[in-house]
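What follows is a single structure, written as structure tokens, with notes after it.
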Amino acid sequence: MPERPAGTVEDRAQEQGPGFVMRAVTRPEYGGPEVVTVEDVARPSPGPGEVLVRVGAAGLDRATLHLLTGLPLMARLAFGVRRPKRPVLGQQVAGVVEEVGPGVDGLAVGDRVCGTAAGSFAQYAVAKAGTLAPTPDGVEDRHAATIGVSGVTALAAVVEHARVQRGDRVLVLGASGAVGGYAVQLAAHLGADVTGVCSASKEDLVRAQGAHRTVDYASVRLPAMGGPFDVIIDIAGNNPVSALRRCLAPGGRLVIVGGEGGGRLLGGIERNLLATMAGWFTAKDLGWMFSSTTTARCAEVARLITEGAVTPVIDRTVDLDGAADAIAAMASGHLRGHAVLEMQ
Ligand SMILES: NC(=O)c1ccc[n+]([C@@H]2O[C@H](COP(=O)([O-])OP(=O)(O)OC[C@H]3O[C@@H](n4cnc5c(N)ncnc54)[C@H](OP(=O)(O)O)[C@@H]3O)[C@@H](O)[C@H]2O)c1
């Protein structure tokens with residue numbers, strides 16, 4: 001048998017018992033799905049204000065892709081300049097509290113929880129207690145695993161930033177995606193008249209989520225999408241702020257959430273700054289947002305799922321070994337809804 005170097009995960013497992021080791025989806029360097037591997041790594045321990053979650057399910061989202069590729073480059077200031085600081089991928093999580101760190105109130109071993117935990121594509125992940133909420137009875141882990149980023153971002157965009165009201169004419173750009181699916185359902189639930197923008201092959205999906213009409217972005221330009229709108233939730237497409245502003249009704253609200261393909265260095269974030277500046281010269285509300293995951297927001301999305309107001313759409317569930325293929329499917333736009341990793 002080949003000799004193992006001292007201090008490997010296997011050595012530490014022999015010293016501390018097999019529970020010390022867990023399987024995880026990692027990437028040692030930035031790259032595409034081809035750099036993704038599944039390996040044994042050390043199980044993390046919760047620090048003050050944290051809990052260890054035994055992961056039941058972990059939802060993929062676009063941030064997974066940014067963490068994998070290290071793009072836009074600006075993001076490497078936070079993720080690690082030359083190589084990723086954290087090898088384990090994943091953020092959205094649903095599972096059961098396994099250990100509680102010092103100073104955590106309101107969570108106990110055995111509680112079902114959902115939200116975010118850095119490195120959630122693993123059997124165990126450490127989460128800040130403030131980014132988790134209880135998973136209600138009747139909500140499956142695979143659904144709860146889409147709340148922490150996708151659900152919370154849509155909630156913040158539609159309810160908190162755009163303040164969507166009954167009767168508002170709402171345009172959702174990127175309606176077929178993970179965030180967009182939640183946004184369409186939320187806006188429709190609030191009584192808005194929703195136009196969803198997506199590719200032609202997913203118009204049926206977006207209508208099924210409550211959009212009153214759909215538009216194929218490949219064949220219809222923004223000015224012909226049926227405006228003016230009271231609200232635009234801009235999740236994809238990277239349309240110029242000036243064009244978005246022209247599609248808003250007087251007093252209308254724009255919320256920029258995201259958009260891929262905006263450039264290697266900044267990823268299109270400069271549109272946010274342009275929106276802020278353009279907003280100084282118009283009565284229209286031109287805004288943007290970065291979502292932050294809180295217990296209250298996770299709990300609210302979970303409540304909406306329990307009520308049947310929104311239902312996460314799951315394209316596929318895979319095990320850890322299927323992570324690379326699921327990430328590739330997301331990158332190439334083949335998902336209809338979410339991909340979710342489920343632990344065995
Ligand atoms: N601000 C924040 O806090 C925050 C939080 C989460 C995510 N984000 C960002 O939000 C964006 C979407 O994330 P996601 O997880 O929902 O990604 P996703 O699931 O991949 O969805 C993106 C969707 O955009 C659609 N799309 C592509 N080109 C389009 C165009 N020209 N016009 C309209 N729709 C278009 C795609 O539709 P088809 O597949 O039908 O082509 C796809 O369904 C990403 O840029 C992400 O980084 C921001």
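Here are the numbers for this structure:
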item	result
Lys, Arg +1 and Asp, Glu -1 on Cβ, resulting dipole of the chain about Cα centre, debye, nearest 20	1240 debye
Distance (nanometres) between label positions extended 7 Å along Cα→Cβ at residue 316 and residue 82	3.6 nm
Positive-pole candidate from 175, 218, 152, dipole of the range 150-288, charges at beta carbon	218
Packing rank of 141-154, 181-194, where each peptide gets the mean count of other beta carbons within 10 Å, highest leading	141-154, 181-194
Debye, to nearest 20: dipole size of the range 150-288, +1 on Lys, Arg Cβ, -1 on Asp, Glu Cβ	220 debye
Full-stretch length increase - residue 73, residue 307 - with 0.36 nm per residue and alpha-carbon distance subtracted	80.2 nm
Listed residues 84, 240, 120: farthest to the positive end of the dipole of the chain (Cβ charges)	240
Burial ranking of peptide ranges 49-59, 314-324 (average Cβ count within 10 Å, highest at the top)	49-59, 314-324
Isotropic mean projected area of the C-alpha convex hull, the chain (nm²)	18.3 nm²
Whole-Hz ³J(HN,Hα) from phi, Karplus 6.51 cos²θ - 1.76 cosθ + 1.60, for the range 67-77, glycine and proline x	5, 6, 7, x, 10, x, 4, 4, 5, 5, 4
Taking all pairs of distinct alpha-carbon atoms in the range 150-288, Kirkwood radius in angstrom	14.5 Å
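Every number here is computed from the coordinates shown, using simple stated rules; none is lab data. Computed from a predicted structure; not experimentally measured. Ideal geometry is used to build each Cβ from the backbone, glycine not excepted, and the neighbour counts take in all protein chains shown.
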